[in-house]
1. Give, in nm to one decimal, the length gained when the segment between GLU74 and TYR116 is fully stretched (0.36 nm per residue of separation minus the Cα-Cα distance).
2. Can you flag which of LYS11/LYS83; LYS17/LYS70; LYS2/LYS101; LYS40/LYS72; LYS2/LYS84 are past 23 Å Cα-Cα?
3. Let me understand region 2-98 better: what is its radius of gyration from the alpha carbons, and its Dmax, in angstrom?
Amino acid sequence: MKAKEEERRRKEVEIEKQKIEMENWNLKRDYEKVKIASEKLKQEFGEEKANEEIQISVNLLKEQDDQIHKLKDELEIESSERKKNQEEILILRNAEEMRPKIIKPVFTASDPQHVYIQGELCIRPDNDTHNKCVITVDPVISEGIVYFEVVFFNHDDKIFHIGVTNVEQDAKDKKEVKYYS
């Protein structure tokens with residue numbers, strides 16, 4: 001798709017270039033016509049009047065030539081700016097893809113009787129230390145680097161552990177990391 005876009009732009013520039021070349025050729029042809037007409041004017045009206053008419057014609061041709069050069073320069077500038085903008089867009093798209101994505105996790109307890117979940121806070125009653133409870137996080141992270149923070153309060157005399165495990169089918173403790181107090 002990018003190659004097609006570049007080819008289309010290249011064709012547009014080539015068409016503009018051909019238009020400019022055609023205008024230059026027309027100007028040269030017109031100049032020759034003016035030259036012939038100036039010789040006729042000199043013969044009909046005299047040298048002084050003919051020179052005035054010739055000067056007017058030459059000035060008009062110079063203005064047209066200047067306009068053509070100006071348009072050509074503007075076209076080149078526009079083409080280079082367009083190319084620069086496309087490169088910047090590509091850089092920004094790549095930067096956007098590389099930016100870390102922040103997700104808002106949703107916690108779910110396997111046994112709501114033993115854990116109370118409120119937003120990102122999981123509360124376990126003090127008297128319930130023997131029951132195992134699994135808390136799942138949705139969405140499941142399938143790739144990339146994950147930052148996960150757990151803070152425990154009031155656990156001085158209690159033993160606890162936390163683990164991160166792979167939830168794929170048949171993973172069964174193969175890809176599991178546990179931390180104990």
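1. 8.4 nm
2. Exceeds cut-off: LYS2/LYS101; LYS40/LYS72.
3. Rg, Dmax (Cα atoms, Å): 22.3, 78.
Only the coordinates and a few stated rules stand behind these numbers; no lab work does. Remember, it's a predicted structure, so these values are computed and weren't measured experimentally.
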